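Single-structure report; data block below.
The values are calculated or read from the model by the stated rules, or taken from the named source; none is laboratory data. The shown structure was predicted, so the numbers you read here are calculated from the model rather than taken from an experiment. Reconstructed Cβ throughout: ideal geometry from the backbone, glycine too, with neighbour counts over all protein chains shown.
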Amino acid sequence: MNPFQQHLQAVLSERRQQHRYRSRPEIGAPQGPELVVDGRPYTAFCSNDYLGLANHPDMREAMADAAQHWGVGSGASHLVCGHSDEHHKLEQELAAFCGRERALVFSTGFMANLGAITALVGKGDAVIEDRLNHASLLDAGLQSGARLRRFQHNDLDSLQRQLSLSAQAVKSLVVVDGVFSMDGDLAPLPQQAALAAEHNAWLMVDDAHGFGCLGETGGGVLQHYGLGQNEVPVLMGTLGKAVGSFGAFVAGSEALIETLIQLSRSYIYTTALPPAVAAASRKSLQLICRESWRRTHLQALIARFRRGAQAAGLTLMDSPTAIQPILVGDDAKALALSQALREQGYWVSAIRPPTVPEGSARLRVTLSAAHSEAQVDGLLVALARGQSEVGD
Ligand SMILES: *Cc1c(COP(=O)(O)O)cnc(C)c1O
């Protein structure tokens, strides 16, 4: 074996030994509660398609029609000749939806976070992040060249300490997830916004898991709290989760968006999304407004799941959202519980370190407006049975 292959084999066998080897289940059906995985049917509770829009007939139609009109590829980056009417209208509709001056569509959420943070802070600045922030936010903080400081999850005293330690920085940017992806809990944004203002720091919120689900009209975590552009100047949202499409955006002031167009390398140096994907996202915004029953039904399922899980003695986390993890702790036990569910026809992923902190392996159950009450009840029965098989 040559040294390159030898190196790779060593990396892979170390992952295996640590029980951290990752593999990809192969999906053989459109997203929805009834999923086909590796050729077998399951009832799935693990997608981020929280509103059940990813395979909505109106979305399929909007995308197909737009592909007939626009073709498939956008052909170029936004600044060259890839920025179509479809992208532009999506941006205007997103801005209106969020109640902000403007929005900028990025090709993915990872790129939106990378592009925004590296455009806003650099050497001599501070970027202050919750330690449970999404990997893309932490990576962007590191890459920005600013001093990256982390505070204890949702801990206001810890945030205050990190803000005080950053007093010498030229600019400080506080960055948090609005809804934490592996825990489902909300950031205490009103208090965090007040602390940021007190220390002349700016606040950026990644609302990947709140946008579409939270708030009166699905405006997300900021609508839930009643916070605007003044308190939270930088809002990031994704279009691949509750929106059921693909891509992401940053919304804020005119000057913010113009700055990102000038400076965000992950915006400038990449091909624009296919226009048909933008068209599907535009349709989704209409559906999020029109089909408010999706949010209501999702809330009812969340309450039903929590009641049932508590009655069955399962360890829930403090989450009011569609992300309802069952805390297991031990990695092997989390895997065994996930396996026990599979044997009963339910697909729920086990999440282990390093995605979550050591000793906090869990099943990441996610609910969707496409689930029925009967499906949720079925999962609860399977969880209780699985738990007794795996043992406490
Ligand atoms: C999924 C996710 C992202 C990345 O978005 P993509 O469009 O999937 O790249 C960023 N932040 C959070 C909190 C996420 O959950």
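Before we move on, is Ser158 touching a strand residue (DSSP E or B) at 6+ places or on another chain (Cβ under 9 Å) and over 20 Å from Ile268 (Cβ atoms)?
Yes.
Mind checking which pairs have a first residue in the range 9-22 that is over 13 Å from Leu335 (Cβ atoms) and not assigned by TED's automatic domain parsing to the domain that holds Ala332 and a second that is of a type in the set (A, V, I, L, M, F, W, C) and modelled with pLDDT under 95, Cβ under 8 Å, 6 or more apart or different chains?
As it stands, the answer is Gln9/Met1, since those pairs meet every condition given.
Determine which single condition Ala242 fails, assuming it passes every other condition in (1) more than 19 Å from the chain's Cα centre (by Cα); (2) touching a residue at least 24 places away in the same chain (Cβ under 8 Å).
Unmet condition: (1).
Looking only at the range 285-297, filter to residues that are over 17 Å from Asp85 (Cα atoms) and under 19 Å from the mean Cα position of the chain (by Cα); which one of those is surrounded by the fewest Cβ atoms within 10 Å (Cβ to Cβ)?
Arg295
Between Gly32, Gly28, which is closer than 30 Å to Val179 by Cα, in contact (Cβ under 8 Å) with a residue 40 or more places away in the chain and out of contact with any helix residue (DSSP H, G or I) (no Cβ under 8 Å at 6 or more places or on another chain)?
Only one candidate passes the filter, namely Gly32.
Given the options Ala309, Ala276, Ala303, Ala280, name the one that is more than 30 Å from Val105 (Cα to Cα), touching a residue at least 60 places away in the same chain (Cβ under 8 Å) and either assigned to a helix (DSSP H, G or I) or outside the structural domain of Gly109 (by TED's automatic domain parsing) (or both).
Going through Ala309, Ala276, Ala303, Ala280 in turn, the sole match is Ala309.
Yes or no, residue by residue, for (1) within 14 Å of the ligand (Cβ to nearest atom); (2) closer than 26 Å to Met111 by Cβ:
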residue: Leu137; (1), (2): yes, yes
residue: Gly145; (1), (2): no, yes
residue: Ser164; (1), (2): no, no
residue: Val170; (1), (2): no, yes
residue: Asp177; (1), (2): yes, yes
residue: Ala187; (1), (2): yes, yes
